[in-house]
Structures are given as C-alpha cells and as structure tokens.
Amino acid sequence: MKRIDGRKADELRELEIEAGVLRNATGSARVRMGRTIAVAGVYGPREMFPRRLQKNEKATVQVRYTMAPFSTDERVRPGRSRRSQEISMVAANALEAAVFTEDFPKASIDVFVDIIQADAGTRTAAINAAAVALADAGVPMRDMICSVAIGKIDGTYVVDLAGKEEDASVCDFPVSYMPNLKKVTHMQMDGNITKKDMEEMMKLVVKTCEKIHKAQKEALEKRWLK
Amino acid sequence: MRVQDDFVRKLASEGKRIDGRKMDETRPIEIISRPIEKAEGSALVRIGDTQVIAGVKLSVAEPYSDRPDEGSLMAGAEFSPIASPDFEPGPPNAESIELARVIDRGIRESGAIDVKKLCIKKGEKVWMVSVDINILDNHGNLLDASALAASAALANTVFPALDKDGKVDFYAPKTKTKLPIAFKPVACTFYKVGDKMLLDPTRDEEHAATARITITTRDDGNVAAIQKGGIEGLTEEEIMYAAETSIKKGKDIRKLIK
Amino acid sequence: MSDLLKKDRDFVVPGEKLVESMEYLPGRNCFRDGDIVFAKKMGLVNISGRVLSVIPLNGIYMPARDDMIIGEVTDVQSNGWVVDVGAPYQAYLPLSGIRGYLDSAKTDLSKVYGVGDMIYGKIKMVSSTQSVHISMFDRMCRKFSGGRILKVNPAKVPRIIGKSGSMIDMIKRKTGCRVVVGQNGVVWLEGDCPKTEEFVMDVIKQIQDNSHVEGLTNKIEKVLDSGNFPARDRVPDEGVEYEKD
C-alpha cells in the first residue's frame, strides 16, 4: 500500500520537537508532525482563579486548545468552538493522569496550545507538545505522554494519519500513552473496527510512542544541556 | 513593581535604557517569511523576545451591494493566554480591541491594499482578505510587532487557485500571483517615560510609561495612521520627534520585509 | 550495585526508570512504584549512596519555612499585606510579622508597604492548608528602594548562591555590586553604575544557563576578573538599610 506522502505504513510523519520556544511561559514546546504545527505553553502551578474551582486536595490541569484562524484551508473563526472545548477537555484528562497534582493542592497548572497549522492529528500534536512543555516547566510527573493516531486504509494499519488520509481511513484512532508506565490516558475512535483491529492498532501505538518519547527527550536535553 | 519603574525612569532621565539601547533603537528584529504553508501569506516576527505570527487567508465572497467592484479586507488580533502570565480570561479587553483596530486601520483605511483590484466579477464575486494575528510571547511592543507581521504576511500573500465553479481550490497549488499591495505600512511606537520618548519599549518600559504614540508610515515616507494612547499629554515637539523618527526607522525596518 | 539504569549526572525526563531494586531509596524528585524508582522531574540524576534523586533544571518556587524571599506587595488589607512570591500560593505578611507596634486603626498601612513595593522577607510558616506567612523580623529584612530587579529560574538559585554563599559572595566582592538573591528566584541588585549592574546581571544569567557545567565557579571567576572592577576586600553588606518603623 502506498501512502499519499510516500511513507511506510508504520512510519510517523516528519517529527520535529523544540522545547523552550517561549520566554514568558514556565515551560514551552513546538511540535511539528508533518504539516501540523502545535505550540504549547505551560504556566504554573499557580494560584487558581476563580477560587471556587480550587480543589482542596490537588491541583487542576487546565488546557486551552485553540486553532489559529489561518491554520486551515478555510479560515476558522477565532475563539472557542465546541470542537476546541472538547479537545481541550480530552487533552486535560490525558495530561492530568501523568501529573503529580497532589503536590500542589488548590493550584492550577495551565496548559495553552495554539495550533498554528492544521493538517490532521492536531490533538495528538497538541498533547505531544503539552507533555514536553510540562516537563520543560519542571512539573513533577509520573511519565511523559506520547500521542499518535492510527488508521486503517485498504486493510493496512497506518500510523499518524495525515491530510486526506483521515477521509480514506475506516477509522481514526487517536491514543495517548505513558510509555514507561504502559498506561493509556486518552483514547478516542471514530469508525468501524474489530477487536482484532484494536489489538493490532494498540501494538502500533506502543511501538510508535517509543519513537515519540525519544524525540521528546532529545528536545528537552538539547534545550537544557545545549 | 515600583522599584523597577523607578529604575526605568531614573535611567530614562539620564538618557539611558534598561537594556543599554539608545532611545531610538529597536531590539533585534527578525522576520520569518511564510512559516504557515496553508495560509496564502504568513510571517513570524520576533522583536527581541516578543513573538507574533500573522496569517492571511483569501476567500471568494459576494461584494457589498453599495460597493459592487470592491473586495474586502479585515484584520483581527487575539491576545492568547499563552503570551503572558497576566492574561485574564473573558471577553477581549479594550487593549486587545485597540490593537486589532490599529492594525486594521493601518492596512485597510490607509489603502495599503487597493480593494478595487480584488474584484473578480463586478457585483458577483470579490476576494475577501483576512489578516489574523496570533500573539505567542509578549515582551513589550505588541503593536509594532503585530503591524510588521501583518505587513510582511500581506507582502508574501499569493492568490489561491480557483476551481471551475469559481471557488477556492484547496487541493491545487497556490498561484504565483501576488496580492497587489500599494505600500507596506510599518508602525513605530514610542512610550513616554519621564520626559523621554522611547522607541520599541520592553514590558518594563511600558509599565513605567505615562503616554504612548504609534505612527504608521508608508514606503514614500508619508504618514498613514496615528494612534495616541495613555493619559498624559504629549507636546508638539514630542509628536514631531516621533513622526520624524518613525519615518527614518520605518525605512530601515521595511527593508526586512521580503 | 550494577543494577542502576542511569549514571550520576545523566539527563532524565519524568517517568524514566532509575533502578529496579529495593536496595535503593527514592530521594528528591523521584518516586517508587513497586520495585522501580522513577524520575519525577526533568533534571540530572544524583546518586548518593543508596539514595537516588534528580536535580531539577526548571520549576516554580515552592515556599518553605525560613526561606528568604523577595516578593511584590499586591494588596493592602486591614491587618496586613498580600505578597506575590511567585509561588502557587499568595503569601501574607500580617501586622504581627513586622518589627515594632503598629496601630492599624491609626496608620495607613499602604504608607508602610504599598502595592508594587518589593520586600525582602522570611517565610515564617507554611500551613497544611497552603497558607503562607511572611515575617520581617530578620535583620536583613526590608523594603527595597532603588536598585533593580532580575527574575531567574528558581531551580537555579542554589547554584547562583553557591555552597554557603561562595558564588554570590564572589560576585559581590569582585564587582562591588550589592546583590540580594531571594530563594524564590527574584534578585535585587544595585551597583555604582548601570554598566556594573548590566555586567552582574549577565554573570547571573550565565550561571543560570550553565548550572550543569562542571567547574562553573572557576569559569565565572575568570569572567568576573575580565570585568576590571577595583578589587574590594569586603563583601558589601546589604543588610544595613533597615526600613523605618
């Protein structure tokens, strides 16, 4: 099977990660997966406002995912949409599982992700960028979080769907995974697949997340130890 | 921080600045052209640590009935919470609305783009140009950075291809035809600290300042837009100094737009 | 002892396994899950006998009792001041935390410390409910007037201060600049002229950016010597300037 960009079925798009791309944010990262580009900035742990949302026993990880108006083929309206709010929530859950929120009762850990170019897989790019930004900020975590979407085109499982592949695939299966603790922190699926498909695709997630993890670590090491 | 404000004012009174710059010196400016392939035009601008991205999208729309042969142009700016720790959630505040307005006026009302050239078919189809600014890191002088990003993005904007129905064809490569621009507006903002006018302020300098003036100039050295901000009054002398310096510095900055 | 998966000073990200053995103990910025000791923060591995820890490279300031901090007054209340120390929790300086007696009914508290003032105080208490209290009893405590502020990465403060103050004392001695480093990563400094201050700020930033480099003290000493400042035989005492009660 040939993919639109000539990749092998189990190959990621070109993955480029840079940590520490913003100065104001406590931690930050830019992740490019093919033509999809996400910039993440982390502030905190810091005081949570409004106060009534504080949790007495732990910190809250808040994510705000937004797409720049010029990031897509057709201009998107600035501001929040139902889609961006759903992705923000899913990403917050995916990340919070890894964070030692109990170390900062009442506080808020704010993660902002701007998608500046979207070409499929924006939520996986957003989560990969946010994980690097959190680690970059020195936030205590159980593990890194690596995220990738798997699909199935013409009977072949394909890794990291790009552009029009999303339409050709029988499913879109984005998963976020903690590679050392071997735990899934986010999983979504739209399509029509068998249990066998799930098993096979999870194998690909695990294998691919190892590659993403390596790139995440390299980016952080480069930022801090030059 | 009062200590820092006092320090900035004390230095200014001696004709000095916190980072050792001259009063009319900008921080290093870097423009990265077309970082967003999907947009018809884009630019990332860094002024010191301040970072903004501007993207231009073109679409086909019906003209306004009172202007059947004119395309339209709009500019917007979003203060993203990613850009600074002081961001407050909620509807856009006056500051961000002013920023978007100044950018919009700098390009649209100044006539930087000849909207008559954006007509595809009179009364039926015209090009609509949207310029959006995304602020990534605020270390002062968002106005000039945003205006420069908008200008640079418009300068590298090309038309997308149209399909047989006259709609934008996203799957076809973009054309090589550039958006016709009359001139490249460049904004220069001065903040008044004590009795001195400081070009390209940092956040510390903005904080210590009492008034502000932004002067947008054209390629021919004429002034295209002015916006005075802050409470304190400016003398005629100070305003003319700002105008003269904007014209001079604007020329150098414009050379960076490719 | 060969079952260690990392060497001393190895770079790790959160979640990396350091050892799979009950022989070792998780120290600072590490955690145990079953037999395994993991890194909890990005940083450098530090192996000290049986204790494994991670020296963090970044992070926000967490208040701890007896820390000396530089904070900004953000609110004046009827019984004290709210102070931003860059932590996840606001700090409070109660009236009982300042020297001398003050009748809050007769005194305008904002005349003592107003919004925007920078103060050098001591963390007196961090309660189990994240209340942080400051006091100004220490001899060094005061409100800053003049000078300038530099913010640094709180994780690098120990390196900037050096072993029992060796690094910061060297900077003060060799430049004559008065420097106060808050544990929370806020630095106040005042020199003879802006040039000296620029130089000292640059040196502090160099320490911050090269904290992982070995033999940093010697390198910084060379940089300081290249600055050509008249030698001082005494460390300037920044504790002389008390605020007026």
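Quick note: the coordinates plus some simple rules give every number you see, no bench work behind them. All figures in this text were calculated on a predicted structure; none of them were measured in a lab. Quick reminder, even Gly has a Cβ in these numbers, built from the backbone with ideal geometry, and neighbours come from all protein chains shown.
Numerical summary
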{"quantity": "For the protein assembly as shown, diffusion coefficient by Stokes-Einstein and Kirkwood Rh (Cα), 10 °C, 1.306 mPa s, µm²/s", "calculated": "57"}
{"quantity": "Cα pair distances of chain C binned at 5 Å [whole percent]", "calculated": "1, 6, 12, 14, 15, 13, 12, 10, 8, 5, 2, 1, 0, 0"}
{"quantity": "Computed E for B:Ala94/A:Lys196 - FRET, C-beta separation, R0 56 angstrom, nearest 0.05", "calculated": "0.45"}
{"quantity": "P(r) tail fraction, segment A:1-40 - alpha-carbon pairs more than 16 Å apart, %", "calculated": "48"}
{"quantity": "Per-q log10 I(q)/I(0), segment A:1-131, q = 0.10, 0.13, 0.14, 0.19 Å⁻¹ (Debye; single scatterer per alpha-carbon; no solvent)", "calculated": "-0.36, -0.58, -0.66, -1.07"}
{"quantity": "Under 14 Å from A:Lys182, Cα to Cα: aspartates and glutamates that are on another chain or at least 8 residues apart", "calculated": "A:Asp143, A:Glu210, C:Glu16, C:Asp33"}
{"quantity": "Long pairs among B:Lys22/C:Lys111; A:Lys214/C:Lys156; C:Lys163/C:Lys195; A:Lys8/B:Lys178; A:Lys214/C:Lys222, criterion Cα-Cα beyond 29 Å", "calculated": "B:Lys22/C:Lys111; A:Lys8/B:Lys178; A:Lys214/C:Lys222"}
{"quantity": "Test item: C:210-222 mean partner chain Cβ contacts at 10 Å", "calculated": "1"}
{"quantity": "Cα Rg, Dmax, segment C:1-134, angstrom units", "calculated": "21.0, 69"}
{"quantity": "Normalised convex hull volume, segment A:15-225, alpha-carbon set, Å³ per residue", "calculated": "124"}
{"quantity": "Segment C:68-143, Rg to Rh (Cα coordinates; Rh as Kirkwood inverse mean 1/r)", "calculated": "0.93"}
{"quantity": "Gyration tensor (Cα) of segment C:11-56, equivalent ellipsoid semi-axes in angstrom", "calculated": "15, 11, 7"}
{"quantity": "For chain A, built as a Gaussian network whose Cα springs stay under 10 Å, the top-fluctuating residue of A:Ile150, A:Ile116, A:Ile193", "calculated": "A:Ile193"}
{"quantity": "Computed helical MRE - 222 nm, chain C, DSSP H runs ≥ 4 contributing -39500 (n - 2.57), nearest 500", "calculated": "-5500 deg cm²/dmol"}
{"quantity": "Helix-only [θ]222 nm of chain B, DSSP H runs n ≥ 4, -39500 (n - 2.57) each, per residue, nearest 500", "calculated": "-7500 deg cm²/dmol"}
{"quantity": "Expected-Rg normalisation [2.2 N^0.38 Å, Cα atoms] applied to segment C:148-226", "calculated": "0.97"}
{"quantity": "Which listed pairs, of A:Lys217/B:Lys38; A:Lys211/C:Lys6; B:Lys10/C:Lys151, have C-alpha distances above 26 Å, in listed order", "calculated": "A:Lys217/B:Lys38"}
{"quantity": "At 0.692 mPa s and 37 °C, Stokes D of segment C:135-184 from Kirkwood alpha-carbon radius, µm² per second", "calculated": "268"}
{"quantity": "Estimated [θ] at 222 nm from DSSP helical runs (n ≥ 4, -39500 (n - 2.57)) normalised by residues in chain A, nearest 500", "calculated": "-9500 deg cm²/dmol"}
{"quantity": "Relative contact order (%) - chain C, alpha-carbon pairs under 8 angstrom, separation at least six", "calculated": "15"}
{"quantity": "Within 10 Å of each Cβ in A:213-226, the average number of Cβ atoms from other chains", "calculated": "3"}
{"quantity": "Radius of gyration and Dmax over the Cα atoms of segment B:2-254, both given in Å", "calculated": "19.3, 66"}
{"quantity": "Set of aspartates and glutamates with alpha-carbon distance to B:Lys164 below 19 Å, sequence-local pairs under 8 removed", "calculated": "A:Asp73, A:Glu74, B:Glu62, B:Glu124"}
{"quantity": "Whole-Å semi-axes of segment A:109-172's equivalent ellipsoid (Cα gyration tensor)", "calculated": "28, 13, 6"}
{"quantity": "Built amide H within the under 5 Å cut-off of A:Thr185, gap 5+", "calculated": "A:Ser176, A:Tyr177, A:Met178"}
{"quantity": "Candidate lysines - alpha carbon under 17 Å from A:Lys58, same-chain residues fewer than 8 apart omitted", "calculated": "A:Lys106, C:Lys40"}
{"quantity": "Packing rank of C:38-46, B:209-217, A:10-18, where each peptide gets the mean count of other beta carbons within 10 Å, highest leading", "calculated": "C:38-46, B:209-217, A:10-18"}
{"quantity": "Angstrom value of the Kirkwood radius, inverse mean 1/r, which spans all Cα pairs in segment A:168-226", "calculated": "13.0"}
{"quantity": "Average beta carbon contacts from partner chains per residue of A:131-139, 10 Å cutoff", "calculated": "5"}
{"quantity": "GNM result for chain B, Cα springs below 10 Å: residue of B:Asn141, B:Asn156, B:Asn93 fluctuating most strongly", "calculated": "B:Asn93"}
{"quantity": "Top of C:Gly27, C:Gly191, C:Gly162 by mean-square fluctuation, Gaussian network on chain C, Cα under 10 Å", "calculated": "C:Gly27"}
{"quantity": "Rg over Rh [alpha-carbon atoms, Kirkwood Rh] for segment B:72-165", "calculated": "1.05"}
